[in-house]
Amino acid sequence: MIELESVVEQAGCDFDDLVREHQSMVFSLSYHFLHDRDLAEEVAQEVFLALHRHLAEIKSPSHAAFWLRKVAVQRSIDETRRRKRRPQVALELVAEPAAHAQARDPLLGEVLRRLIATLPEAPRTVMIMRYQEDLDPAEIAEVLEMPLGTVKSHLQRSLALLREKLQRRGVGDH
């Protein structure tokens, strides 16, 4: 049987290095879904424990980043469902509005957070990954194991719905 350490060395992935390099991304992603620091830390720990168990499957450092992002999203969604805290979580899914939005209208960020909270789970997840985690649609599709067309459809419909709701509130005319 091949020793785990030799597999890890061949892949160029050191567990401690992977943790150091990706811990803030995993925590941040979990926090955006859960908006509970302790819960996000718990999920991040679970993600890295899973990484340790599956380290032999990791082919490269870039594969590790993809794998960690995917598992963090899945575990965060599972935790949200399990704890049935969706109403509390949903209001804070987007951590901070963009700086340019804050400069134009300080209330816009809060309004957007509340509107995003009203979206169904899948579109809300796609919106968070696209606009908070800054992933492109292809990356989102890969992480969520969802067809690219579905991701684009969620984005397009969600943006149209948010735009309509903002206009009804008299916030924007874009």
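With (1) at pLDDT 90 or above; (2) in a loop (DSSP other than H, G, I, E, B); (3) farther than 21 Å from residue 74 by Cβ as the list, and residue 170 as the residue in question, which single condition is left unmet? The single condition residue 170 does not satisfy is (1). Return yes or no: is residue 83 surrounded by 14 or more Cβ atoms within 10 Å (Cβ to Cβ) and touching a residue at least 24 places away in the same chain (Cβ under 8 Å)? Here the answer is no, as residue 83 does not meet what is asked.
Yes or no, residue by residue, for (1) of a type in the set (A, V, I, L, M, F, W, C); (2) assigned by TED's automatic domain parsing to the domain that holds residue 39; (3) at pLDDT 85 or above:
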site: 64; (1), (2), (3): yes, yes, yes
site: 70; (1), (2), (3): no, yes, yes
site: 73; (1), (2), (3): yes, yes, yes
site: 98; (1), (2), (3): yes, no, no
site: 105; (1), (2), (3): no, no, no
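This table checks each residue for (1) free of Cβ contacts under 8 Å to residues at least 40 places away in the same chain; (2) among the basic types (Lys, Arg); (3) at positive phi.
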| site | (1), (2), (3) |
| --- | --- |
| 113 | yes, yes, no |
| 116 | no, no, no |
| 130 | yes, yes, no |
| 138 | yes, no, no |
| 144 | no, no, no |
| 147 | yes, no, no |
| 154 | yes, no, no |
| 160 | yes, no, no |
| 166 | no, no, no |
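The values are calculated or read from the model by the stated rules, or taken from the named source; none is laboratory data. Keep in mind that this is a model prediction, so the values were computed, not measured. Positions of Cβ are backbone-derived with ideal geometry, glycine not excepted, and every protein chain shown enters the neighbour counts.
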